[in-house]
1. Just to be sure I understand, how many residues within the stretch 95-114 are more than 18 Å from residue 18 (Cα to Cα), in contact (Cβ under 8 Å) with a residue 40 or more places away in the chain and surrounded by 19 or more Cβ atoms within 10 Å (Cβ to Cβ)?
2. So which residues in the stretch 99-114 are closer than 14 Å to residue 61 by Cα and either polar (S, T, N, Q) or modelled with pLDDT under 95 (or both), if there are any at all?
3. Please state which one of 91, 68 is surrounded by 15 or more Cβ atoms within 10 Å (Cβ to Cβ), modelled with pLDDT of 95 or more, in contact with a Ser or Thr (Cβ under 7 Å, 6 or more places away or on another chain) and not hydrophobic (A, V, I, L, M, F, W, C).
4. Go over the candidates 117, 84 one by one and state the one that is surrounded by fewer than 20 Cβ atoms within 10 Å (Cβ to Cβ), within 23 Å of residue 37 (Cα to Cα) and not small (Gly, Ala, Ser).
5. Which of the residues spanning the stretch 229-248 are within 29 Å of residue 4 (Cα to Cα) and either among the basic types (Lys, Arg) or touching an Asp or Glu at 6+ places or on another chain (Cβ under 8 Å) (or both)?
6. Before we move on, is residue 72 more than 20 Å from residue 248 (Cβ to Cβ) and either away from the ligand (no atom under 16 Å from the Cβ) or out of contact with any helix residue (DSSP H, G or I) (no Cβ under 8 Å at 6 or more places or on another chain) (or both)?
7. Just name the residue that is nearest to residue 153 (Cα to Cα) out of those in the stretch 222-247 that are surrounded by fewer than 19 Cβ atoms within 10 Å (Cβ to Cβ) and free of Cβ contacts under 8 Å to residues at least 40 places away in the same chain.
8. If we only count strands (runs of 3 or more DSSP E) wholly inside the stretch 13-111, which ones have 1 or more residues that are closer than 30 Å to residue 124 by Cα and in contact with a Gly (Cβ under 9 Å, 6 or more places away or on another chain)?
Amino acid sequence: GRLSMSFGDRVATTSQPLVRRLLRLMEEKRTNLCVAADLGTARDVLQLADKVGPHICLLKTHVDSISDFTAEFPKQLTELAERHNFLICEDRKYGDIGSTSADQYSSGLFSVSSWAHLVTVHALPGDGQLTALSDRAAGAERGALLVAEMSSKGCLVQPAYTAAVVKMAEAHPYFACGFIAQSSVSSDPRFLVLTPGVSLVSTADGHGQQYSSPERAVGERGADVVIVGRGVTRAEDPAAAAREYAQRAFSAYLQRLK
Ligand code: 6AU
């Protein structure tokens, strides 16, 4: 299953182009780190992306938190992604009826479908969102990560919900690329499991976030990719911090293969 296979060997198990691309990239670049670039201005996000770019497989944005967003921002971010060889995930957590989510995805100020390889989606409303978003992707290499579990204290998700989210992904493998989760929710090698709530400096943030280490996330809980925000963005040297998280997460992955 997923946990005992290398990223490279998993490429052949799926025809989803984006999953194939990301697995290859992770294998070749030897990184399974996603940095959550949660900063308030376009310049700060772009500067961070340039610094951490060499160490990451994926950069995650919350584009609606950027105070000075213009269409220039995704253009420049895409250039950095190409230069440093990483993919982009907009963490929008869509959670409405398919028609509404699809409009939010493909139009409005942010026009997310035109630049984000991946987006996060809450499965709660049912699978109409996946078909609607996928339609709007209009043939581009696009995909979704389904939120199967959350890192926050008091999260209402129950095991039966998580199991249903996994079933939904299994029914939509052309667009569902994997999960945001805290445990090994699926052993299917086609799906990526990404785990947020990873930090080497904090255990909580005072607003419900709960942290564990990269070793714990990858080795014990079965993450493929660790997502690190403030552990990197608030470090004195974000590039050095990203390098350290990447090395530790990738070592834990190699250890898992033994
Ligand atoms: O490392 P942090 O706490 O600074 O940032 C964690 C990042 C944030 C959250 O919006 C996101 O990960 N996140 C998610 C995602 C990725 O969907 C789910 C979750 O359960 N917990 C979580 O923190 O950008």
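1. Residues in the stretch 95-114 being more than 18 Å from residue 18 (Cα to Cα), in contact (Cβ under 8 Å) with a residue 40 or more places away in the chain and surrounded by 19 or more Cβ atoms within 10 Å (Cβ to Cβ): 1 in total.
2. Passing the criteria: 111, 113.
3. 91
4. 84
5. 229, 243, 248
6. yes
7. Out of the qualifying residues, it is 234.
8. By residue number, 33-36, 58-61.
The values are calculated or read from the model by the stated rules, or taken from the named source; none is laboratory data. Predicted, not measured: the structure shown is a model, and the values here were computed from it. Positions of Cβ are generated from backbone atoms using ideal geometry, with glycine treated the same way; all protein chains shown enter the neighbour counts.
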